[in-house]
Amino acid sequence: MKKPVLLLIILLALAGCQKPQEQQPSLDQRKDIGHKLIVKSLQDLQNKDLKGSIVDLETSIKVNPSEPEAYLLLGQILLKVQQYDQAAQFLDMTAKAFPDNGTVFYMLSIANKMAGKKLPAVLAARRSVEIFQAQQDRDNMLKSAALLHDLIGMPENPAAAASAKTVPASEKSGTGTKD
């Protein structure tokens, strides 16, 4: 009888000597922290603190990666500062995390369009149309369809198209004279 009690006391003493495990925030706490960081990033934007806003959004994404709002805001910032390739890469990653978010695909299409990547832009716009249509979101579906229509009519290489517009018509037809 004394041996089991002594063994129990030793086990309890050893259990008390263990390092307490760090408590991870609950999902609700992470969502709340992530939301507060998004609000702070908006305040930073109002104060023209772009770097602070980006840091807040990146932290929000790390704390609560299941909230698309932080991703969308960061994507908008990258587009606004004309970092089109970076925006396209970031939004492509975001599209993989949120495959049913039409706004993500719409923004990805714009980023690819601005980066001069027609095919990825068309594919993303088409996906956004499909998502908004499935969600019966008529307004966003029409907006995405208009973007898709513009993209389909866009030349394959925007730089080449721009330089072709600057070539005089006489040089294009071969009727111009050379000195």
Item to complete: Identify, from the list Thr59, Thr94, the residue that is among the polar types (S, T, N, Q) and either closer than 17 Å to Ile131 by Cβ or part of a loop (DSSP other than H, G, I, E, B) (or both).
Response: Thr94
Item to complete: Could you tell me which residue of segment 76-135 is surrounded by the most Cβ atoms within 10 Å (Cβ to Cβ), considering only residues that are touching a residue at least 40 places away in the same chain (Cβ under 8 Å) and closer than 20 Å to Ile61 by Cβ?
Response: Tyr106
Worksheet item: Has segment 122-130 got at least one residue that is more than 27 Å from Val81 (Cα to Cα), out of contact with any helix residue (DSSP H, G or I) (no Cβ under 7 Å at 6 or more places or on another chain) and at pLDDT 95 or above?
Response: yes
Worksheet item: Across segment 136-179, which residue is modelled with the lowest pLDDT among those that are in contact with a Gly (Cβ under 8 Å, 6 or more places away or on another chain) and surrounded by fewer than 10 Cβ atoms within 10 Å (Cβ to Cβ)?
Response: Pro168
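The values are calculated or read from the model by the stated rules, or taken from the named source; none is laboratory data. Quantities reported herein were computed from a predicted structural model and do not represent experimental measurements. So basically every Cβ, Gly included, is an ideal-geometry build from the backbone, and we count neighbours across all protein chains shown.
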